[in-house]
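Asker: Sharing a structure here in structure tokens format.
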Amino acid sequence: MSEAEEIEVDKDTANPSKAWERIRVHQQYIKGPHLDPSTPITEDKIRFVCISDTHGKIERSPLRMPPGDVLLHAGDFTMTGQIKEIERFDSYLGFLPYKVKVLIGGNHDLTLDEDLGEANLRSFGIQKPEIETYLKSRGIKSVKQMLSHALYLQDSSVSICGIKIYGSPWQPRFGGWGFNVERGKELLRKWQKIPTDTDILISHGPPVGHGDLTGGNNNVGCVELLNTVQKRVKPKYHVFGHIHEGYGVTSDGYTVFINASTCTRRYQPTNPPIVFDYAIPEGHSKEELLSMEKGS
């Protein structure tokens, strides 16, 4: 990273509402709209369908999933990461028609956080020895391997038809949930892993100022994440969730920010999926999706 690109911890990192009040006056802030899901899908673009924070509700919900090529899920697909929840969700993914499904974890997906202590898991009714016995019976080493119908990203990337996607599950510490990291230096270290050639960033938590306003009218997003997105990585799209009441689309004039939370503040799975089209880079085609297809 060159000196001009280096991101430092913001002086107001612990007070994101104050930070956003200061930052906002110096940049564009544009609200939606987003692409109509009924818009025809063309061969020169990939149609991405974005959801997040489904919390085990979408599997039984009448919510209509629109046509598309690739599904992006920004985490919290369970309530607490119980084995039965993950099995049910993975089975649901297998029935969805998208050629590729990309998934990250969220703070509710506790068993995906391999660094979470046994005491934390027990507080949510999860017994680590039972998880280990289950995995051994399946011949797998981690809960992540249960997600057989998705590409699971955790501080990692995948290229889909030349479009580079990076996934990160972390968010500012909140209670005893999973993937918690302290604001400031610790979170910034996570964001420093994001490659500068990322086209689509998926994080569970939002950046400050975009889709991060709570019902109490407080900004709770990460200041360092916004600075990383705007000053260093500059992806075309940033997809996230975590703050259910922040659902919707905004833009700073370059990056489109999508809070794709499916569940409302009251955990009702009624927010429609958000879709966008991404032009396929030269030298690539939709035929590449066929070799990546999982769960067909």
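Asker: Convert each backbone phi in region 47-54 into a coupling constant with the Karplus relation 6.51 cos²θ - 1.76 cosθ + 1.60 (shift: θ = phi - 60°), then list the ³J(HN,Hα) values in order as whole Hz, x for Gly and Pro.
Answerer: For region 47-54, the Karplus-derived couplings read 8, 9, 10, 10, 9, 6, 6, 8 Hz, x marking Gly and Pro.
Asker: While we're on this one: From the backbone phi of region 103-115, what are the Karplus-calculated ³J(HN,Hα) couplings (6.51 cos²θ - 1.76 cosθ + 1.60, θ = phi - 60°) in whole Hz, Gly and Pro given as x?
Answerer: With the stated coefficients, region 103-115 comes to 9, 10, x, x, 5, 7, 7, 4, 6, 7, 8, 6, 9 Hz.
Asker: Please report E87, E224, E245 as a ranked list, fewest other C-beta atoms within 10 angstrom at the top and most at the bottom.
Answerer: Numbers: E87 12, E224 27, E245 17.
Ranked by crowding around the Cβ, least crowded first: E87, E245, E224.
Asker: Quote to one decimal, in nm, the extra length available between I140 and Y254 on full extension: 0.36 nm per residue of separation minus the C-alpha distance between them.
Answerer: So the extension gain works out to 36.9 nm.
Asker: At R0 = 22 Å, how high is the FRET efficiency between R24 and R265 if r is their beta carbon distance? Nearest 0.05 is fine. The partial results should precede the final answer.
Answerer: Numbers: r = 23 Å, r/R0 = 1.07.
Working from the Cβ atoms, E equals 0.40.
Asker: Answer with one residue from T250, T270, P97: the one whose Cα lies farthest towards the positive end of the charge dipole of the chain, charges on Cβ with Lys, Arg +1 and Asp, Glu -1.
Answerer: Comparing the listed Cα positions along the dipole, T270 ranks first.
Asker: Please state the charge dipole magnitude for the chain, taken about the Cα centre, from unit charges on C-beta atoms (+1 on K and R, -1 on D and E), reported in debye and rounded to the nearest 20.
Answerer: Numbers: 35 positive and 38 negative charges, 117 e Å.
Roughly 560 debye for the chain.
Asker: Using the 10 angstrom Cβ neighbour count as an exposure proxy, how do D155, D90, D44 rank, fewest first?
Answerer: Working: D155 13, D90 18, D44 9.
In increasing order of surrounding Cβ atoms, one gets D44, D155, D90.
Asker: Follow-up question, since we're still on this one. Compute the FRET efficiency between R60 and D12 as 1/(1 + (r/R0)^6), taking r as their Cβ-Cβ distance and R0 = 41 Å, and round to the nearest 0.05. Please list the in-between numbers first.
Answerer: Numbers: r = 42 Å, r/R0 = 1.02.
Efficiency for this residue pair is about 0.45.
Asker: Give me C263, C50, C222, C161 ranked fewest to most by other Cβ atoms within 10 Å of their Cβ, as a rough exposure proxy. Spell out each step's value before the answer.
Answerer: On the way: C263 23, C50 27, C222 30, C161 20.
Listing C263, C50, C222, C161 from fewest to most nearby Cβ atoms yields C161, C263, C50, C222.
Asker: What residues from region 254-272 fall in the zone where the backbone N is under 20 Å from a label point 7 Å along the Cα-to-C-beta line of K45?
Answerer: Only 254-260, 272 pass the distance filter.
Asker: What residues qualify as long-range amide H neighbours of I163, i.e. H under 5 Å apart, gap of 5 or more or another chain, H built at 1.01 Å from N?
Answerer: HN-HN under 5 Å from I163: empty list.
Asker: Hey, got a sec? Which GluC sites (Glu not before Pro) in region 266-295 land in a DSSP loop and have at most 10 other Cβ atoms within 10 Å? Mind dumping the intermediate values first?
Answerer: Details: sites: E282, E287, E288, E293; in loops: E282, E287, E293.
Sites meeting the loop and neighbour criteria: E282, E287.
Asker: Let me ask something additional. Over 25 Å between Cα atoms: which of K11/K190; K84/K144; K45/K99; K231/K286 fall into that group?
Answerer: Numbers: K11/K190 18 Å; K84/K144 14 Å; K45/K99 14 Å; K231/K286 31 Å.
Where the Cα-Cα span goes over 25 Å, the pairs concerned are K231/K286.
Asker: Check L151: other-chain or 5+ apart residues with amide H under 5 Å from its amide H, H built from backbone geometry?
Answerer: The answer is K101, V102, L103.
Asker: Also: Just to be sure I understand: of the beta bridges DSSP finds with both ends in region 7-291, what percent are antiparallel, rounded to 5? Mind dumping the intermediate values first?
Answerer: Values: 19 of 44 bridges.
Once the DSSP bridges in region 7-291 are tallied, antiparallel ones form about 45 percent.
Asker: Restricting to DSSP loop positions (anything but H, G, I, E, B) with no more than 12 other Cβ atoms inside 10 Å of their own Cβ, which trypsin sites (Lys or Arg not before Pro) remain in region 13-121?
Answerer: Details: sites: K18, R22, R24, K31, K45, R47, K57, R60, R64, K84, R88, K99, K101; in loops: K57, R64, K99.
Within region 13-121, the qualifying trypsin sites (Lys or Arg not before Pro) (loop, at most 12 other Cβ atoms within 10 Å) are R64.
Asker: May I pose another question? Of P207, Y166, G178, which is farthest along the charge dipole of the chain in the positive direction, counting Lys and Arg as +1 and Asp and Glu as -1 at C-beta?
Answerer: G178
Asker: HN-Hα J couplings of region 33-39 from phi, Karplus 6.51/-1.76/1.60, θ = phi - 60°, integer Hz, Gly and Pro as x?
Answerer: x, 10, 5, 5, x, 7, 4
Since every read-out is calculated from the coordinates, none of them should be taken as a lab result. Owing to the predicted nature of the structure, the values given are computational and were not obtained by experimental measurement. Positions of Cβ are generated from backbone atoms using ideal geometry, with glycine treated the same way; all protein chains shown enter the neighbour counts.
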